[in-house]
Structure formats: structure tokens, C-alpha cells
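The block underneath contains the structure these notes are about, expressed in C-alpha cells.
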Amino acid sequence: MPVNKSNSLGEFGLIDWIRQQAGHGDHLSLGIGDDCSIQPQQGEKDLLTSTDLFIEGVHFRREWCSWFDLGRKAAAVNISDIAAMGGTPQSLFLGIGRPREMSDEEIEELISGFLAEIKIHGAVLAGGDTCGSPGSLLISVTVQGSVAATEAICREGASYGDAIYVSGCLGDSALALQLLEKGQQPDPYLAGRFHSPTPRVALGQELSRRQLATAMLDVSDGLLADLDHILSASGVGAELDLVKIPLSERFQSSLSEDFSLIDLALAGGEDYELVFTSPLKDLDRQIEMEHPVTQIGMISPEPGLRVRQKSGELYYCQRGGFDHFS
Ligand code: ADP
Ligand code: MG
């Protein structure tokens, strides 16, 4: 009998299938589909949990960064999912599949970087698992955090008329990666944005505490792909202004030489900035925030995501967001 070996679901198709199979847990107020799951606790806090995998050759190349930075980044991107809910990271769990040739010094460096990052956020390493790997290095990180009961900011919740904001600048990390892939060394600023991203924990906490955001997530796969998760979860569309996308000076100087680099800011990924929606307009001008934010567009009633140029014409990004199976 022929065996069906189709492989066309894509990363998010597979996650949807898993979600349908998994069903719901009564103890959770939010399960699969957001940056974290939410488990209400007895008391005034909800428990947030998220997990991420880092596989050599997929998420990192050992020749591009120090072991210390790799450990830091593994912690930072996981903590970013707690920031994306407006929470406070507390406990992390670290799983390591260690290749035979990795020395004690190297693994110690990696773990030191991981511990240094979580210490910045007042979190602790609470457990993990360690084993040998016949192939590449595998790092699995789980993070738990807390947020005031019912005040986590989810992907669902954006509505027509909300303004869309993003923190910091976009595209630096993807530009650094592009240079590394071409065999060029990014300058220290770009390298830092790629190797040691800063999770926007304080900003996420502020947005939750002051109830300023209706929906939020962190940009890991690219602005357009990630914002699309907010749009589909909320059942709305959006229009972005290309000229409002916040870019660093370093990114802008590269852009002036090659405008197609703008697609790295729209779809490059690994920015670990927060994208959120708010009924408040001009939030970026009215309120001093924990971290600078920029209004980049508006939620619209028509479905879909459109990027408009200064001329009024639509801009079509040539890059898709990151999908592990495409
Ligand atoms: P993020 O980029 O914020 O880490 P992902 O895109 O990796 O989120 O995942 C989207 C959602 O799907 C999350 O809620 C995540 O927990 C869930 N998810 C991803 N892979 C699996 C899996 N293998 N089993 C169950 N849930 C999964
Ligand atoms: Mg996320």
C-alpha cells in the first residue's frame, strides 16, 4: 500500500493540527497558540510558561558567536516570550544535548552566559536535563513567569481603530545575519543586536500594569508574519506605513545603498522587539515609556495586512516570514 509522505503542512499548519489534537486543559485559561500558556493560580497572579528549541545549524552556528553569547541568547529569546505577555520571568529549565567533541570549558561558557542573562532579569535556573547528542548541539529552554491575574496581554484582543506600535528598531539582527552568511563581519552594533538581543521585559510589564495594550507579541519570525498572528487571532486586518518602520542609523545607512534591505526590517526576524496594539493614539508622543515605541500603522476592518508607501501605493515585501519547514 502506498504510504502518504506529504510534507506540506508548514510550521504553523502543523501547530494548528497539534492544537486540534491536544484539546484544552481546564486548569489553563490559555493553551497552545500564544507566546506563553496561562495558568491561573490561587491568589493574584497567573503563571506563564513557554518553551523554545535551539539547534546548531538551524538557530546558530558555533563559528559565528562565543559560547557565552549563545547561552545568553538562548535565555534571552525565551524570556522575550514572557515579556510578550507583560510578565516577569522567574524560573528557567535548561536541557542540553551535548555533542561528543564539545569540551567542558565550552559547555561551562555556554551555561555561564545563560546564567548571566537570567540573573539580569532576576530569574533562576530551576532544573533541566543533560545528555549526549550523536549530532549537533541541542538546547531546549523552558521559562516560567508571573503576571497579575487576567492582565497578560495575548495575541487576541486587537480591534478596529487600534493603533499598532513596535518597540526599538527592526531589521538590525537580520542585517547582521545576512552579512555573516556572506562571510562578512557585522560591526559591533549589528553583531550585538544579533548575538545578544535584549528582551523588552520592563516595557511589557509597563504595558500590562497600565493596561495600555489590547494585543501583543514579540517579533521572532519577522514583523509581518508575527503581526499576522495578532490579526488572525483577533479577526481583524491592518495597514502599516512603510516610512514609519523604526530603523537604526546603522540600518538606514545600509538602506540608502540598497533599498531592498527594507524587507529585512519587515520580515527578517530575530528582532525580539514587542509589537502591540492600543486604542490610544500617539502613545509614542504622549507617554514616556520604559523603552521607545513607534506607531507604525492602524488596525483596519478589512482582513489582511497591507504596507503602504509614502506615495500611497502598496508595498509588496519579497520575503516571507520564517517557517521552519519551508
Ligand atoms: P514563539 O515564536 O512565540 O516562540 P511559536 O511560533 O514557536 O511561538 O509557537 C506558536 C504556538 O504554538 C505557541 O503557543 C507554542 O507553544 C505552540 N507550539 C509550537 N510547537 C508546538 C508543539 N510541538 N506542541 C505543542 N505546541 C506547540
Ligand atoms: Mg513569541
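The values are calculated or read from the model by the stated rules, or taken from the named source; none is laboratory data. If you're wondering where the values come from, they're calculated on a predicted model, not measured in any experiment. As a convention, Cβ positions derive from the backbone with ideal geometry for all residues, glycine included, and neighbour counts pool all protein chains shown. Accessible surface is based on the protein model in full, side chains and every heavy atom, while ligands, DNA and RNA are left aside. Shrake-Rupley method; radii C 1.70, N 1.55, O 1.52, S 1.80 Å.
Being touching a Phe, Trp or Tyr at 6+ places or on another chain (Cβ under 6 Å) and modelled with pLDDT of 95 or more is true of ASP172. Count of segment 266-286 residues, restricted to those that are out of contact with any helix residue (DSSP H, G or I) (no Cβ under 8 Å at 6 or more places or on another chain), open to solvent by 20 Å² or more (accessible area, probe 1.4 Å) and in contact (Cβ under 8 Å) with a residue 12 or more places away in the chain, is 4. Filtering segment 34-45 for residues that are touching a residue at least 24 places away in the same chain (Cβ under 8 Å), under 17 Å from ARG155 (Cβ atoms) and either more than 13 Å from ligand 1 (Cβ to nearest atom) or β-branched (Val, Ile, Thr) (or both) leaves a non-empty set. Looking at (1) within 13 Å of ligand 1 (Cβ to nearest atom); (2) at pLDDT 95 or above; (3) open to solvent by 10 Å² or more (accessible area, probe 1.4 Å), which is the only condition ARG19 fails? Result: ARG19 passes all but (2). Among the residues of segment 290-316, the one identified as in a strand (DSSP E or B) and without any contact (Cβ under 8 Å) to a residue 60 or more places away in the chain is LEU314.
Residues that are of a type in the set (D, E, K, R) number at least 1 in the following strands (runs of 3 or more DSSP E) confined to segment 23-108: 45-55, 88-99. A single entry from SER66, SER80, SER112, SER91 fulfils the requirement of being hydroxyl-bearing (Ser, Thr, Tyr), within 16 Å of ligand 1 (Cβ to nearest atom), in contact (Cβ under 8 Å) with a residue 12 or more places away in the chain and out of contact with any His (no Cβ under 6 Å at 6 or more places or on another chain): SER80. Whenever a residue of segment 218-246 is farther than 17 Å from TYR160 by Cβ and open to solvent by 10 Å² or more (accessible area, probe 1.4 Å), its partners that are of a type in the set (S, T, N, Q) and away from ligand 1 (no atom under 16 Å from the Cβ), lying with C-beta atoms within less than 6 angstrom and at least six residues away or across chains, give the pairs LEU242/GLN309; PRO246/THR294. Going by the structure shown, is ASP263 open to solvent by 20 Å² or more (accessible area, probe 1.4 Å), out of contact with any helix residue (DSSP H, G or I) (no Cβ under 8 Å at 6 or more places or on another chain) and not hydroxyl-bearing (Ser, Thr, Tyr)? Judged against the criteria, ASP263 is not a match. Taken over segment 201-246, the criterion of being within 16 Å of ligand 1 (Cβ to nearest atom), of a type in the set (Val, Ile, Thr) and within 23 Å of ARG308 (Cα to Cα) is satisfied by VAL219, ILE230.
Of the residues screened, THR130 is not one that is surrounded by fewer than 19 Cβ atoms within 10 Å (Cβ to Cβ) and closer than 24 Å to ALA233 by Cβ. In segment 32-47, the residue that is nearest to the chain's Cα centre (by Cα) out of those that are within 16 Å of ligand 2 (Cβ to nearest atom) and surrounded by fewer than 18 Cβ atoms within 10 Å (Cβ to Cβ) is GLY33.
When you look at LEU247, is it part of a strand (DSSP E or B), touching a helix residue (DSSP H, G or I) at 6+ places or on another chain (Cβ under 9 Å) and more than 16 Å from ligand 2 (Cβ to nearest atom), yes or no? No: the conditions fail for LEU247. When only residues in segment 295-319 that are of a type in the set (Lys, Arg) and under 23 Å from the mean Cα position of the chain (by Cα) count, which is nearest to ILE164 (Cα to Cα)? Going through the qualifying residues, I end up with ARG306.
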